[in-house]
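The values are calculated or read from the model by the stated rules, or taken from the named source; none is laboratory data. Predicted model only: the values in this text are computed from it and were never measured. Here the Cβ positions follow ideal geometry from the backbone for every residue, glycine too, while neighbour counts run over all protein chains shown.
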Amino acid sequence: HAAGSSAYSNGWVKAVARGSSGLLVAVGAAPLVTTGYPRAAIWTSGDDGATWTRVTGLSSDTIPLGEWHDVTASGSGFVVVGNLPAKDAYGDTNGHAAAMVSTDGTHWTRSSPVGGANWTFMGGVVAGGPGLIAWGGTANSSDAITLVAKVWTSTDGKAWTLVPQARDWHNPDG
């Protein structure tokens, strides 16, 4: 948890990565002071996790109910992935896959719109191949127990390409 004992009121951390400079970057969600709804959140620590500072002023700060799911350090800095709901976040939408990049962990730029992102989330990201690989999925609106898996690739984290879908995955616990 980012602070306190209540995950919803104070936030939660989903992943942490260490950059080449030793900086730790953590991602998850936490409300801003002005609202109780959680927002996608990024924190940094330059002292091996003894203290954390939330990065503010991000474009994702204005979108309620967003969440960053993963972070990875790459040769050019950091990449975070998650989902940021559409403007009708209180309606039927589950959000849209999203990513941000940073060279230093404190200044972040939203990636270009992620292809195949409607009703989708990016759940993880790793450095691999000639750049980055991210994965996630989306619920099939006609069959609640079918997950349509998604995989994206990027050379720099700024632009993402959706890998063509091979087949639907059926949840055996469905």
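The figures follow:
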item: Contacts under 8 angstrom Cβ, first residue in region 96-115 being at pLDDT below 90, partner of a type in the set (S, T, Y) and outside any loop (DSSP other than H, G, I, E, B), 6 or more apart; result: G115/T161
item: Residue identified as in contact with a Gly (Cβ under 9 Å, 6 or more places away or on another chain) and either at pLDDT 90 or above or not in a strand (DSSP E or B) (or both) among D156, D173; result: D156
item: Filtered residues of region 16-39 (kept if outside any loop (DSSP other than H, G, I, E, B) and farther than 24 Å from G75 by Cα); result: A29, A30, P31, P38, R39
item: Looking only at region 53-78, and only at residues there that are among the hydrophobic types (A, V, I, L, M, F, W, C) and part of a strand (DSSP E or B), the one that is surrounded by the fewest Cβ atoms within 10 Å (Cβ to Cβ); result: A73
item: Region 59-79, residues that are touching a strand residue (DSSP E or B) at 6+ places or on another chain (Cβ under 7 Å) and either more than 27 Å from P130 (Cα to Cα) or among the acidic types (D, E) (or both); result: S59, S60, D61, I63, P64, L65, G66, E67, D70
item: Number of the condition not met by Y37 [criteria: (1) modelled with pLDDT under 95; (2) under 23 Å from K150 (Cβ atoms)]; result: (2)
